[in-house]
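Below you'll find the structure, written out as structure tokens, and then a few comments.
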Amino acid sequence: MSTNSSLSSANLDGAKLRQLISAWCDGVINEADLQQLQASLSTSDSAREIFLAFMQIHAHMQGHAKAKEYLETFTSLPLKITDCSDSTLPSESPALLRKYMLSSSRIYRWRWGWAALLLIGVFGWNFVERTREDAPRPSASQLAAEKAHLASPTLESDRPPIVLARVTDHSEDCQWFLDQGSQTQSEPPQSICSGETIRATKGMMKLTFTNGTVVTLHAPALFQVISNMRARVLLGTVTTRVAEGAEGFSVLTPRATVIDLGTEFGIQVTEVGATDVVVFKGEVNLDYVNQEEGIARRQRLRIGEGMHLDALGTASRIVAITDERYSDSPSRDSLRRPPVITAVRDNILRDAWNYYEIVPGAMREDVKAFADREAHEWNGVTTRGMPAYLLGGDYVKTFNNDKVNHDIEISVTLNRAAKLYVLFDKRIPPPQWLTDNFRNTGDEIGVDEGPFYVHGVWYTNHHPGVGPGVSVDNVSSIWVRDVKGPCSVKLGPTESTTVDINMYGIVAVPTSGSASNDQQAKAR
């Protein structure tokens, strides 16, 4: 009796059903309509068919294999969610999903088993989406193309392809093609449509989406364009610079989903699906699943922060990265010598996710000085420029917030003989570890400060200039140590008691002996 009533109320006409599915896809469905949609999908074979067709269209996947791949991404999401940052999660849990699994178990069991799993995944995903109150939604214009695909149940295979990205730059040695299962284009494609996967086998290439977002691929890489606001990294390293107005752009990996909050970030995916995410500018939300705990988590990452997720989704801090690994300039000349600085680490058990950034061969005017400051730059104190011996050296972006950490010990690993420089703020006396192990060159370098964010507050009273001697705010002395061969050098704290200073910089330049050895090795 009550069962018959529930069944009759769940029978929706086609127009109403499509309206509810579209509202769910857009993330605007209310609780009453969600329950009505769930009831219809629990009792109606035809409703499930339409729902599955809509999911294929919404994901811009072509064919049954692509739909399965999308389904597998969703079904791994558990129902218990832990927020690791400052977002607030609702207290309710999607208990109706369990009811749906039970009610659909008798009809077309093997055929609709896939549908049941899909519903668990997608409604669980909707629960996660409802926690993203602080993440910007794509604008109506950005979703117009995707909404148009949901206007009728026409199969995706019957629709003309939509060009979503174009190849706008690449290195001279770059090789790439579209990976379409058994079909491979003989010539490198210049445009990528919805659902297509591009494989870069050599070099670097740059894709520009129609919304202005730019993605740089480092071979070997496998990258799938899902929509104008969503993509997937299956393998390799990519750097994403999200255009203004495209906030909310999301990148999926086997272990996580990165949701842009107006930023520039890098992602690396290994053959086993382990994922690294690093933020160069702005902020992202990182949603991931720890499979050992069975818990979905969210972490807010800001400029200078990064996270490593292993094959099981266990999170750990990325201690250091190399700039070349995430370069978004595929046309620039590659470094003509091996890096001098190969690793940087410290002794601090951090409650943040900061990473050191090693930038090989790139010390010059206007380079960014710190990993946790977007606009602080190294510059010559006068228009004559910084000392010539620093130009072209490897340098390390340290954390400016470490300037008052009295317990820190930084270990810099060099792979050859070199001159190691420390750029130390002149507003405080040099500590003993510096005077005992380094020599003051008597030269100086300037810091041109820009706006910065610390402890929840933005400081915007500084604006960096361009070129040496322009808007230099503070001066650092240059100290040097001769390193005879491969080794690790330990550096200590500033020992400062005031925050009105800058953390020191680190630069390494190979000595002439090590450079000639490199040339002899290449000749052999």
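The values are calculated or read from the model by the stated rules, or taken from the named source; none is laboratory data. Just so you know, these numbers come straight off a predicted model, no measurement behind them. All Cβ positions, even for glycine, are placed from backbone atoms using ideal geometry, and neighbour counts span all protein chains on display. Just the protein is used for accessible areas: all its heavy atoms, side chains included, with ligands, DNA and RNA removed. Shrake-Rupley method; radii C 1.70, N 1.55, O 1.52, S 1.80 Å.
Mind listing the phi-derived Karplus ³J(HN,Hα) values for the stretch 285-291, rounded to whole Hz, using 6.51, -1.76 and 1.60 with θ = phi - 60°, and x for any glycine or proline?
Coupling constants for the stretch 285-291: 9, 10, 9, 8, 10, 8, 5 Hz.
Can you give the Rg to Rh ratio for the stretch 388-436, taking only C-alpha atoms and Rh from Kirkwood?
Numbers: Rg = 12.6 Å, Rh = 13.3 Å.
We get a ratio of 0.95 for the stretch 388-436.
Which of the pairs Lys202/Lys490; Lys206/Lys426; Lys426/Lys484; Lys403/Lys484 have their Cα atoms more than 32 Å apart in this structure? Before the final figure, lay out the partial values.
Values: Lys202/Lys490 37 Å; Lys206/Lys426 42 Å; Lys426/Lys484 28 Å; Lys403/Lys484 29 Å.
Exceeds cut-off: Lys202/Lys490; Lys206/Lys426.
Counting C-alpha atoms alone, how compact is the stretch 360-412: give Rg to one decimal and Dmax as a whole number, in angstrom.
For the stretch 360-412, the Cα radius of gyration and maximum Cα-Cα distance read 12.6, 37 Å.
Output ³J(HN,Hα) for the stretch 366-371: one whole-Hz value per residue in order, computed from phi by the Karplus curve 6.51 cos²θ - 1.76 cosθ + 1.60 with θ = phi - 60°, and x for Gly and Pro.
6, 6, 5, 8, 10, 5
Hey, if you drop one equal point scatterer on each alpha-carbon of the stretch 208-293 and run the Debye formula without solvent, what base-10 log of I(q)/I(0) do you get at q = 0.12, 0.14, 0.16 Å⁻¹?
Log-scaled intensity ratios, in q order: -0.30, -0.42, -0.54.
Top to bottom by accessible area (1.4 Å), largest first, where do Glu495, Glu444 land?
Numbers: Glu495 105, Glu444 70 Å².
Greatest to least solvent exposure: Glu495, Glu444.
What is the P(r) of the stretch 216-354, as percent of Cα-Cα pairs per 5 Å bin from 0?
Reading upward from the zero bin: 2, 10, 19, 23, 22, 14, 7, 3, 1, 0.
Taking a probe of 1.4 angstrom, what is the accessible area of Asp500 in Å², to the nearest 10?
The value for Asp500 is about 110 Å².
Relative contact order (percent) for the stretch 188-316, with alpha-carbon contacts under 8 angstrom and 6 or more residues of separation? Intermediate values should be presented prior to the final figure.
Working: 345 pairs, mean separation 20.8, N = 129.
Relative contact order comes out at 16 percent.
Along the Cα→Cβ direction, 7 angstrom out, place labels at Asn461 and Ala375. What is the inter-label distance in nm?
My value for the distance between the label points is 1.5 nm.
How big is the shadow of the Cα convex hull of the stretch 370-516, averaged over all directions, in nm²? Mind dumping the intermediate values first?
Values: hull surface 35.7 nm².
Its Cα hull, projected and averaged over all orientations, spans 8.9 nm².
Calculate the all-directions average of the projected area of the stretch 330-446's alpha-carbon convex hull, and give it in nm².
Values: hull surface 35.9 nm².
Result: 9.0 nm².
If I model the stretch 278-393 as equal point scatterers sitting on the Cα atoms and use the Debye formula, what is log10 I(q)/I(0) at q = 0.14, 0.16, 0.18, 0.21 Å⁻¹?
The computed values of log10 I(q)/I(0) come out as -0.72, -0.89, -1.06, -1.28.
Hey, what do the phi angles of the stretch 340-356 turn into as Karplus ³J(HN,Hα) couplings, whole Hz, using 6.51/-1.76/1.60 and θ = phi - 60°, x for Gly and Pro?
Per-residue couplings from phi come out as 8, 8, 9, 7, 9, 8, 9, 9, 9, 7, 8, 9, 10, 10, 5, 10, 7 Hz.
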